[in-house]
Amino acid sequence: MFTEKIEEGLSELGISADEFSQLLIRLLDYGVLCRDESQIESLLYDRYLQCSELVEDYLEVIKIRIQHDSRFSFVRIFDDDHSAFNSGFRQRPSQQEVALILVLRVEYEKALRDAQVDDKGCVMLALEGLAIAYKNLLKRPLPDTASDRKSLFKRLRQLRLIRYDTEQELDFAEGWISIHPSITRFVNDEVLANLTASESVELNASDAY
């Protein structure tokens, strides 16, 4: 009965079962769709807009909820305990990833207050400034090796929290990254307030949601 309802709805919208499956698989695999990220994600995001109710009905059965930001055109999925889904379906961010996510959230908020946000809601941040902010907030430096740093930034790019053009940019202190507005949904205001009010930060994976 449920399958028939989905199939009927897709038929009315002119979306094939394969197209619907492609959308769901991508969303479950990556945990996020960002329209500005690539041509593929632009196509899938627009398809989501066409059949959002059917996607929500389908995911509700497996207790997954959807967070949709229409202003900045991204969709992220969560389970019932508010954990963000991402590559690997239920893989949670490591402690280092959580640390960097929290620092990026603080820097995004600063830029927001200073009106240094572009029309897509993104904030440009110099790697040198990020390294200083990381050390000031967490009382320790970013990972020592270039490979560890690249791996860390790559993971956050997969989560659609940051953008950068090439990995070569990460080799230089004068490089830049762009913080995506989805960071504000990934780290809520309560966590941010507790973070900025504390002199010492204890990190847990749950802090990043």
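The values are calculated or read from the model by the stated rules, or taken from the named source; none is laboratory data. Quick caveat: nothing in here was measured; it's all calculated off a predicted structure. Positions of Cβ are backbone-derived with ideal geometry, glycine not excepted, and every protein chain shown enters the neighbour counts. To get the accessible areas, we keep the full protein, side chains included, count just its heavy atoms, and leave off ligands, DNA and RNA. Shrake-Rupley method; radii C 1.70, N 1.55, O 1.52, S 1.80 Å.
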*segment 95-124 - residue that is of a type in the set (V, I, T) and open to solvent by less than 10 Å² (accessible area, probe 1.4 Å) and, of those, modelled with the highest pLDDT*: V123
*Matching residues in segment 174-183 - criterion: being outside any loop (DSSP other than H, G, I, E, B) and more than 17 Å from Q67 (Cα to Cα)*: W176, I177, S178, I179
*asked:* One residue is enough: does segment 136-148 have a residue meeting the conditions out of contact with any Asp or Glu (no Cβ under 7 Å at 6 or more places or on another chain), under 25 Å from S38 (Cβ atoms) and of a type outside the set (G, A, S)?
replied: no
*asked:* Out of everything in segment 38-71 that is touching a strand residue (DSSP E or B) at 6+ places or on another chain (Cβ under 8 Å) and within 19 Å of R157 (Cα to Cα), what residue ends up being most open to solvent (accessible area, probe 1.4 Å)?
replied: H68
